[in-house]
Amino acid sequence: MDQDTFSLLLDTVRRFVDERLIPNEDRVEEEDAVPQEIIAEMTEMGLFGLTVPEEYGGLGLTMSEEAQVIFELGRTSFAYRSVIGTTVGIGSQGIVMDGTEEQKSEWLPQLAGGMMASFALTEPDAGSDAASIKTTATRDGDIYRINGTKRYITNAPRAGMLTVMARTDKSEPGAKGITAFIVPAGAKGISFGKADKKMGQKGTVTSDVIFEDVEVPASSIIGGEPGRGFKTAMKVLDRGRIHLSALSSGMCHRLVKESVEYSVQRKQFGQPIAAFQLVQGLIADSRTDAYAAWCMTRDVARRFDEGEKVSRDVASTKYFASEALGRCADRAVQVHGGAGYMAEYKVERFYRDVRLMRIYEGTSQIQQTIIAKALLREAGMQI
Ligand code: COS
């Protein structure tokens, strides 16, 4: 996309966030759903196709461009971003990165047009240890039969397509036995658990997905070759973690704004609390976190686009940005004092919403191990 067209898109998204999404935040919270007309507007704007290459009907944004759009969506309730998040990110990227030409032609135009995609990796007994998944896909002639349960799958009940990681080689208990499949969400034998009740992020949808003898053709293996699903998942998560870092950065900036605005209008001891240096310290620390998170995100996204191997620094960025966001939310509540604990002020909601960022697509502790492992391997240690 040329620079002028991208600037126009970014401007449109920025205005959409300010004029349509932020004003509807309370409605999303009350109804626990993103209004259908807003989802329709997002589809119309092409937001589902942000990362689908242009030849398949999408906008074909680079990682750097995607990060800038997601930063803008990060300035409002996360439920909006979640509508497009799995389609733009982890749900579609396996096909974009490793799919065959037939798979791309069949699925990507549908995703760009608004079909939701989900990424089904996590299971009841396999979270951080993603290589230990138990869902099986057993070959029977030209088909595979999938059995197992996936857990906390974002957007699953409203998805049209699932990227499913399953074990095709039972003699191989680790990463090498895993294969990624494209599975239509309406396939016979798939059922969904009831919507999970969560700490925050009202308006987002997650649930179990249960596979009982779900038959898919062998041609639905992403890339056509079994045993490569774990690497596909890890590559997808590398990109997904930059996406989440951009989202965290956007919300850090929103929380700084909320803190500044409240501290200027709230008076105590005869003057705005913003006049007190201890309050200024809280705001300055949050601005510093917000700035650092966004700088790291921009840098790693640019290097990702240049083809550099950045998994270690993606982990650092996701780790820093999500932890920084937790600190910004905590300080925003502190600046608001008693009001910060009340549901009528938005920082109470954001405080709960952002807690997930330090957990999903790899906990902070998993990011730490990725960083340390990479450094120790560079130093020649067998680990
Ligand atoms: N890109 C490409 N390949 C990668 C990779 C990456 N970022 N990370 C690992 N791999 C490859 C490795 O090179 C290795 O391949 P070889 O055997 O050919 O060398 C293979 O994948 C296995 O890697 P590793 O031994 O590091 O795997 P581990 O089982 O130790 O797991 C962690 C690695 C813990 C990092 C991984 O399981 C993980 O990210 N867990 C968190 C999962 C997660 O984010 N879940 C969220 C659910 S999705 S919302």
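Starting from 0.36 nm per residue, how many nanometres of slack lie between Asp2 and Arg139 once their C-alpha separation is accounted for? Mind dumping the intermediate values first?
On the way: separation 137, 0.36 × 137 = 49.32 nm, distance 4.56 nm.
Result: 44.8 nm gained on full extension.
Quick check on the stretch 231-378: what are the equivalent-ellipsoid semi-axes from the Cα gyration tensor, as sqrt(5λ), descending, whole Å? Write down the numbers at each step before the final one.
Working: eigenvalues 228, 41, 28 Å².
In descending order the semi-axes read 34, 14, 12 Å.
If you find the alpha carbon centre of the stretch 228-267 and of the stretch 133-165, how far apart are they in angstrom?
Spelled out, the Cα-based centre of one part sits 29 Å from the other.
Looking at this model, which pairs from Lys231/Lys257; Lys309/Lys346; Lys202/Lys318; Lys197/Lys267 are more than 31 angstrom apart at the alpha-carbon? Walk me through the numbers before you get to the answer.
Details: Lys231/Lys257 40 Å; Lys309/Lys346 39 Å; Lys202/Lys318 23 Å; Lys197/Lys267 38 Å.
As for pairs spanning more than 31 Å Cα to Cα, those are Lys231/Lys257; Lys309/Lys346; Lys197/Lys267.
For Leu237, tell me the accessible area in Å² from a 1.4 Å probe, rounded to the nearest 10.
That residue has around 10 Å² of solvent-accessible surface.
With the contact rule set at Cα under 8 Å and sequence spacing of 6 or more, what percent relative contact order holds for the chain?
On the way: 710 pairs, mean separation 58.7, N = 383.
Relative contact order comes out at 15 percent.
Can you compute the FRET efficiency between Leu278 and Ile383 using 1/(1 + (r/R0)^6), with r the Cβ-Cβ distance and R0 = 35 Å? Round to the nearest 0.05.
Numbers: r = 44 Å, r/R0 = 1.26.
E between Leu278 and Ile383, to the nearest 0.05, is 0.20.
Please state the charge dipole magnitude for the chain, taken about the Cα centre, from unit charges on C-beta atoms (+1 on K and R, -1 on D and E), reported in debye and rounded to the nearest 20.
Details: 46 positive and 53 negative charges, 264 e Å.
In debye, rounded to 20, the chain gives about 1260.
How much of the accessible area of the chain, probe 1.4 Å, is carbon plus sulfur, in whole percent?
Working: 8860 of 16950 Å².
For the chain, the apolar C and S fraction of the accessible surface comes to 52 percent.
Sequence neighbours fewer than 8 away in the same chain don't count; with that in mind, list the aspartates and glutamates whose C-alpha is under 16 Å from Lys194.
Within the straight-line cut-off, Lys194 pairs with Asp32, Glu123, Asp208.
Please report the accessible area of Glu29 (heavy atoms, 1.4 Å probe, ligands and nucleic acids excluded) in Å², nearest 10.
Roll a 1.4 Å probe over it and Glu29 shows about 40 Å².
What residues have an amide H closer than 5 Å to that of Tyr144, excluding those fewer than 5 places away on the same chain, when H is modeled at 1.01 Å from N in the peptide plane?
When sequence neighbours closer than 5 places are left aside, the close amide H contacts are Val216, Ala218.
Of the options Ile221, Ile22, Ser322, report the single residue whose Cα projects farthest towards the positive end of the charge dipole of the chain (beta-carbon charges: Lys, Arg +1; Asp, Glu -1).
Ser322
As a check on your grasp of the helix formula, calculate [θ] at 222 nm for the chain: sum -39500 (n - 2.57) over DSSP H runs of n ≥ 4, divide by the residue count, round to the nearest 500.
-16000 deg cm²/dmol
If amide H atoms are built 1.01 Å from N in the plane of the peptide, which residues on other chains or at least 5 residues away come under 5 Å of the amide H of Ser118?
Residues meeting the amide H criterion: Met161, Leu162, Thr163.
Please work out the average accessible area per residue across the stretch 117-226, using the 1.4 Å probe convention, and give it in Å². Could the numbers behind the result be given before it?
Values: 4800 Å² over 110 residues.
Value returned for the stretch 117-226: 44 Å² of accessible area per residue.
The values are calculated or read from the model by the stated rules, or taken from the named source; none is laboratory data. This structure is a prediction, so every number in the text was calculated from the model and none was measured. Methodologically, a virtual Cβ is constructed for each residue, glycine included, from the backbone with ideal geometry; neighbour enumeration extends over all protein chains shown. For accessibility, only protein heavy atoms count, side chains too; no ligands or nucleic acids. Shrake-Rupley method; radii C 1.70, N 1.55, O 1.52, S 1.80 Å.
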